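Encoded as structure tokens, the structure appears first; notes follow it.
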């Protein structure tokens, strides 16, 4: 039974929640507003009413080609996510349905690697990339981003797989399902909502990665994070251009996040247990 609250309390908490949400969103909003100003208006001071000019966007596009880093970001985020799923789904299945006494220790060790500062391994990774010819290549960055985010992907899929009844997989084995069929045709369709949310999170993490993409790229494989960084040094005081570059970098992932949330909601309703016998006749 829900806790009874007064109407004034509900209104107060609603207003407080909206205030906190707007406070968190305000930096992004002000970046968008600044990108629609001229440089004179941007440095004049705090003002929430822009002139709605696209001069900064045109200047950014003319000085640096936007589509090359955009394509690199799509390839790096999408490629690292797909590669992580290929590795993480079997690993999460093994940990969820065939655990050992060391499974929890392995999971905690994997998560502990995310707590290590990236600077601590910068020199060895830089030397590895340099000596193997992976410096400023899409393949090298794709593999690196996959390895960086793999612990989170495995952990999330593990928690989702734990919610699936093991009896369903046992029934599939009794019907003659091989290990490959069990993962592809039984486990994966039932875990589509969890896989979709994990995929979305990994894409966002890979898209927003800035440290490694800036350190290990120059021009060929530079994504949008390096695209923004290129304006911070020679044009650090040109706030309108820097804001325009930031908006151009975050717009694709913001749009994709909004559409993916709607798809994930539909997947929750569309997903259902798969009858292995119906698949194989």
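FYI, it's all coordinate maths here, none of it is from the lab. Remember, predicted model here, so these are calculated numbers, not experimental data. In this analysis, Cβ positions are derived from the backbone assuming ideal geometry, glycine residues included, and neighbour counts consider all displayed protein chains.
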Note: residue 118 to residue 254 extended length (0.36 nm per residue) minus current alpha-carbon separation gives 46.4 nm
If the elastic network links every pair of Cα atoms under 10 Å, which of 225, 112, 243 fluctuates the most in the Gaussian network model of the chain? 112
For the chain, longest principal axis from Cα atoms; helix 239-270 axis from its Cα atoms; angle between them, nearest 10 degrees, is 20
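Evaluate E = 1/(1 + (r/R0)^6) for residue 137 and residue 63, where r is the Cβ-Cβ distance and R0 equals 30 Å; express this FRET efficiency to the nearest 0.05.
E(calc), rounded to 0.05, equals 0.75.
Using 0.36 nm per residue of separation minus the Cα-Cα distance, give me the extension gain between residue 47 and residue 75 in nm, one decimal.
Details: separation 28, 0.36 × 28 = 10.08 nm, distance 3.75 nm.
Contour length minus Cα-Cα distance gives 6.3 nm.
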Quick one: among 61, 215, 40, which has the greatest mean-square fluctuation in a GNM of the chain with alpha-carbon springs under 10 angstrom? 40
Segment 67-279, Rg to Rh (Cα coordinates; Rh as Kirkwood inverse mean 1/r): 1.04
Cα-projected label distance for residue 7 with residue 163, points at 7 Å along beta-carbon direction, nm: 3.7
Please arrange 163, 209, 170 by counting, for each residue, the other beta carbons lying within 10 Å of its beta carbon, fewest first. 163, 170, 209
Which FRET efficiency value, to the nearest 0.05, do you get for residue 38 and residue 219 by plugging their Cβ-Cβ distance into 1/(1 + (r/R0)^6) with R0 = 22 Å? 0.15
Compute the long axis of helix 67-97 from its Cα atoms, compare it with the longest principal axis of the Cα atoms of the chain, and write down the angle in degrees, 0 to 90, nearest 10. 30
What nm value, rounded to one decimal, do you get for the distance between residue 211 and residue 101 when each label is placed 7 Å out toward the C-beta? 3.6
Run lengths n ≥ 4 of DSSP H only: what is the helix-derived mean residue ellipticity at 222 nm for the chain, with -39500 (n - 2.57) per run over all residues, to the nearest 500? -23000 deg cm²/dmol
By how many degrees, between 0 and 90 and to the nearest 10, does the Cα long axis of helix 7-35 differ from the longest principal axis of the chain? 60
What's the exposure ranking of 126, 160, going from fewest to most Cβ atoms within 10 Å? 126, 160
